[in-house]
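Participant: Before I ask anything, here is the structure I am working with.
The values are calculated or read from the model by the stated rules, or taken from the named source; none is laboratory data. Here the structure is a predicted model, which is why all the values come from computation and not from measurement. Methodologically, a virtual Cβ is constructed for each residue, glycine included, from the backbone with ideal geometry; neighbour enumeration extends over all protein chains shown.
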Amino acid sequence: MAQITRSNKWRNSISIKNQFQDETTPELITQLCSSLVKQLNKIKAREENGNLTDDGIYYVVDELDRIIDNFDFLCKINDGTISKNDFHLYEYAPHKLEEWFNGYMDELYNLAGERVITKDNVLEKFIWIG
């Protein structure tokens, strides 16, 4: 087996922290989710055709799909695209959006902090969130 080189290079980056405000409103959550969906979809497309090992591609694309779906869901339920009544969201309340958003951000941070391995046996950090 070839030797693995550990790199401190970040493969991808997301710019989101500059969009946060002092008060978390439903409108801000929609804005943040929309921004994250766009940026994560770009990363996903890049990684689908990138130089990760086959297992690495499968893993990150699967995780990105799940996280993108979560942020997209929040965006759609918050902007009314998905009706709260149609969804039968018995516990829906505006404060739940912030709770869900924070939970999905935790999932994103967990994925972002992982290291992935390239076909050239280089172990890289996955996503810088700034």
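Participant: Test of understanding: among ILE16, ILE4, which residue is touching a residue at least 40 places away in the same chain (Cβ under 8 Å), of a type outside the set (D, E, K, R) and within 20 Å of TRP128 (Cβ to Cβ)? Break it down stepwise before answering.
Facilitator: Details: ILE4 fails: within 20 Å of TRP128 (Cβ to Cβ).
On inspection, the qualifying residue turns out to be ILE16.
Participant: Being closer than 15 Å to GLU124 by Cβ and in a helix (DSSP H, G or I) is the filter here, so list the residues in the stretch 1-54 that pass it.
Facilitator: ILE43, ARG46, GLU47
Participant: Being acidic (Asp, Glu), more than 15 Å from LEU108 (Cβ to Cβ) and modelled with pLDDT of 95 or more narrows it down to one of GLU63, GLU23, GLU48, GLU27, so name that one.
Facilitator: Checking each option against the conditions leaves just GLU48.
Participant: Quick one: what pairs do we get from the stretch 39-57, first residue closer than 19 Å to ILE14 by Cα, second among the small types (Gly, Ala, Ser), C-beta under 9 Å, 6+ apart or different chains?
Facilitator: Taking only residues 6 or more apart or on different chains, the pairs are GLN39/SER13; GLN39/SER15; ILE43/SER13; GLU47/GLY56; GLY50/GLY56; ILE57/GLY50.
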